[in-house]
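> I'd like to ask some things about the structure below.
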Amino acid sequence: MELNSGPRTQSVPALERGLLILEHLAQSRRGVTLSQLSSKLQLPRSTGHALLLTYQRCGYVQRDKETGRYRLGSRLHTLANMALAGHTLRSHCSSFLHRLMQDTGATVHLAVMEQGEVILIDRVEPNGTARLATWVGKRMGLHCTALGKAIIAYLPPAVLDDLICKQGLIRYNENTIASIRKLRAACEQIRQLGYAVDDEEEEIGVRCIGAPVHNDKGEVVAAISISGTKAQFEDIPAKAALVKHAAASLSHHIGPLWQELSVTDDLARRDPLPE
């Protein structure tokens, strides 16, 4: 994480440590203990405890009394939703996401890439289905999710190599792509098929199918996906056809508007939060 705004501007070490703690908690599914956090981030135990206690009192972190593990609190989710509410792309995509959800009976996701990370900016979930571990604001794996792969497959090779060098290829299970050679091959197949598949690569028992969304210049600016259980997604080509059709329709809709959307979203992210 790079927080320095320039060589002449001094950053705030305590704030840097605090942000690193939040990022580490966000990457943990089961939560982390104070000892684990202090060891991972090489923080003095007293410093880690003081920061966590401050977060806990403000609602940004919660602690499980039985296990002693810390997790992100609901206040952070609220802030993420407030920040992403300004993403006007969501409003333009909403009807397409709902239609895809109705056609497939699966949970639908929309994501964009920002500063080298794929961020989930919207999700539509059908009634009566098992909830997935996704939320607006979640960072999606570049190499192990259908959304991530649908976007990075169209990046210049040098840019992809740089991203992987910085972020690595975390192995979640035996299905996860863990080598750059296999990832390049997967990207080539995605470009040929027009869609990406997460076949239990991030989470066992869960399959996802994603497709890229293009602007009017043919550039990939977002991706949509459907997610469900392995049993729900037995016929991948049939499901993929629906996702590709939705992505193509969405591309046709937002393509001419993309420049305006990008400017609007940039201004929205710069606006201060309401007091």
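> As I understand it, the dipole of the chain uses +1 on the Cβ of Lys and Arg and -1 on the Cβ of Asp and Glu, about the Cα centre. Which of Leu110, Gly137, Leu97 lies farthest toward its positive end?
Gly137
> Once Rh for the chain is found with the Kirkwood sum over Cα pairs, what is the Stokes-Einstein diffusion coefficient at 20 °C and 1.002 mPa s, in µm²/s?
In µm²/s, the coefficient rounds to 107.
> Okay, moving on. So which trypsin sites (Lys or Arg not before Pro) in segment 202-245 pass both tests, a DSSP loop state and at most 13 other Cβ atoms within 10 Å of the Cβ?
Lys217, Lys230
> Which FRET efficiency, nearest 0.05, do Gln189 and Arg17 yield, Cβ-Cβ r, R0 51 Å?
0.75
> Continuing with this model, one more query. Grab the chain and count how many Lys pairs have their alpha-carbon atoms under 30 Å apart, sequence gap of 8 or more, or different chains.
29
> Can you tell me which of Arg139, Arg30, Arg99 moves the most in a GNM of the chain? Springs connect C-alpha atoms under 10 Å apart.
Taking springs between Cα atoms under 10 Å, the residue moving most is Arg30.
> How large, in percent, is the carbon and sulfur part of the accessible surface of the chain at a probe radius of 1.4 Å?
So the carbon and sulfur contribution to the accessible surface is 51 percent.
> Can you give the convex hull volume per residue for the Cα atoms of segment 108-165, as a whole number of Å³?
Residue-normalised Cα hull volume stands at 79 Å³.
> Let me ask something additional. Skipping prolines and chain starts, which residues have an amide H placed within reach, meaning under 5 Å, of the one on Val32, given they are 5 or more residues away or on another chain?
Tyr70
> Going by the alpha-carbon gyration tensor, a ≥ b ≥ c the square roots of its eigenvalues, is segment 34-172 rounded (a/c under 1.5) or, if a/c is not under 1.5, prolate (a/b greater than b/c) versus oblate?
oblate
> Hey, another quick one. Once the other residues with Cβ under 13 Å from the Cβ of Val197 are scored (Lys, Arg +1; Asp, Glu -1), what is the net sum?
Net of charged neighbours comes to -2.
> For the chain, calculate the relative contact order in percent as a whole number, restricting contacts to Cα pairs under 8 Å that are 6 or more residues apart.
15
> Which of the listed residues, Gly168, Thr54, Ser249, is farthest toward the dipole's positive end in the chain, when Lys, Arg count +1 and Asp, Glu count -1 at the beta-carbon?
Of the options given, the answer is Thr54.
> Something else now. For the chain, what is the mean residue ellipticity at 222 nm derived from helices alone (per DSSP H run of n ≥ 4: -39500 (n - 2.57); sum divided by total residues; nearest 500 deg cm²/dmol)?
That comes out to -15000 deg cm²/dmol.
> Now for a separate question. Bin all alpha-carbon pair distances of segment 177-221 at 5 Å intervals from 0 and give each bin's fraction as a whole percent.
Per 5 Å bin, starting at zero, the Cα-Cα P(r) for segment 177-221 comes out as 5, 19, 21, 26, 18, 8, 3, 0 percent.
The values are calculated or read from the model by the stated rules, or taken from the named source; none is laboratory data. These numbers were taken from a predicted model, which means no experiment stands behind them. Cβ coordinates were reconstructed from backbone atoms using ideal geometry, including for glycine residues, and neighbour counts include every protein chain displayed. Heavy atoms of the whole protein, side chains included, go into the accessibility calculation; ligands, DNA and RNA do not. Shrake-Rupley method; radii C 1.70, N 1.55, O 1.52, S 1.80 Å.
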